[in-house]
Amino acid sequence: MIAAVLAGGKAKRFGEEKLLYRVSGKPLILHAIESVLEAEGINEAVIITSREKKEAFEELGFKVIVDELEIGPAGGVYTALKKLGDVFVIAGDMPSIKPKFVDYIIEKFYELRPLACVPKWKNGYLEPLHAAYSKNFLKILEEQITKGRYMLNEAIRLSNPCYIEIEYLPEEWRESFFNVNTKSDLRKIRGSSRV
């Protein structure tokens, strides 16, 4: 499966282009990409970003696809599915992805063949940017976008997805969901083995 790395955000809270901000000698996004590529079920990583950031991300040596919609994560997932087919979607600001967790989700996805396979917390909160999507999810997403409904979670809930109950999984896998929003968040990851 291809990993679609969403990199279109504005990073307002960070104050500059956070995905290219160097952490332990390399851009933040590379920590996410290298982690997801360690998963056995992933054979390639493709960056999905806005037109103005395309060249900057191309310099990292990965294929880059432009998200023409620029409506947030839903647009990134839409672009990935349209251009790549089935994808495992991650956010570029998630430096602590656990490859075994990625493989677990992909395994469930191929076993059950849902439109989406998404981690879910006990309180109902979803983790849509660490999830596997079928190219057939595109139809529901397209209908939602046409209606001006850009909430990815809403489209997921309409798709009869496979939910991965987070509370039953190894606790260290939860680090996968950690994402960097501010420079102070970087302090939380510097001590980890990855960053």
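The values are calculated or read from the model by the stated rules, or taken from the named source; none is laboratory data. Since the model is a prediction, treat every value here as computed from it, not as a measurement. Because the Cβ atoms are built from the backbone with ideal geometry, glycine has one as well, and the counts that use them run over all protein chains shown. These area figures cover heavy atoms from the full protein model, side chains too; ligands, DNA and RNA do not enter into them. Shrake-Rupley method; radii C 1.70, N 1.55, O 1.52, S 1.80 Å.
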List every residue pair whose Cβ atoms lie under 8 Å apart, where the two residues are 6 or more positions apart in sequence or sit on different chains, the first residue falls within the range 18-41 and is closer than 19 Å to Phe101 by Cβ and of a type in the set (A, V, I, L, M), and the second residue, located anywhere, is modelled with pLDDT under 90 and surrounded by 24 or more Cβ atoms within 10 Å (Cβ to Cβ).
-> none
Those residues of the range 58-96 that are in contact with a strand residue (DSSP E or B) (Cβ under 6 Å, 6 or more places away or on another chain), open to solvent by less than 30 Å² (accessible area, probe 1.4 Å) and assigned to a loop (DSSP other than H, G, I, E, B) come to a total of 2
Do we have any residue at all in the range 135-145 that's touching a helix residue (DSSP H, G or I) at 6+ places or on another chain (Cβ under 7 Å), surrounded by 22 or more Cβ atoms within 10 Å (Cβ to Cβ) and in contact (Cβ under 8 Å) with a residue 24 or more places away in the chain?
-> yes
Take the residues in the range 37-57 that are polar (S, T, N, Q) and surrounded by 15 or more Cβ atoms within 10 Å (Cβ to Cβ), then tell me which one is farthest from Pro95 (Cα to Cα).
-> Ser50
Among the residues of the range 60-78, which ones are over 17 Å from the mean Cα position of the chain (by Cα) and either within 18 Å of Asp93 (Cβ to Cβ) or of a type in the set (S, T, N, Q) (or both)?
-> Leu60
Given the structure, is Ile140 over 15 Å from the mean Cα position of the chain (by Cα), within 30 Å of Lys26 (Cβ to Cβ) and aliphatic (A, V, I, L, M)?
-> no
From Pro114, Pro128, grab the single residue that is of a type outside the set (Val, Ile, Thr) and either under 24 Å from His31 (Cβ atoms) or in contact (Cβ under 8 Å) with a residue 60 or more places away in the chain (or both).
-> Pro128
Considering residues that are surrounded by fewer than 22 Cβ atoms within 10 Å (Cβ to Cβ) and of a type outside the set (Lys, Arg), the number found within the range 97-114 is 9
For the range 152-175, state whether one or more residues are touching an Asp or Glu at 6+ places or on another chain (Cβ under 7 Å), open to solvent by 30 Å² or more (accessible area, probe 1.4 Å) and within 26 Å of Glu38 (Cβ to Cβ).
-> no
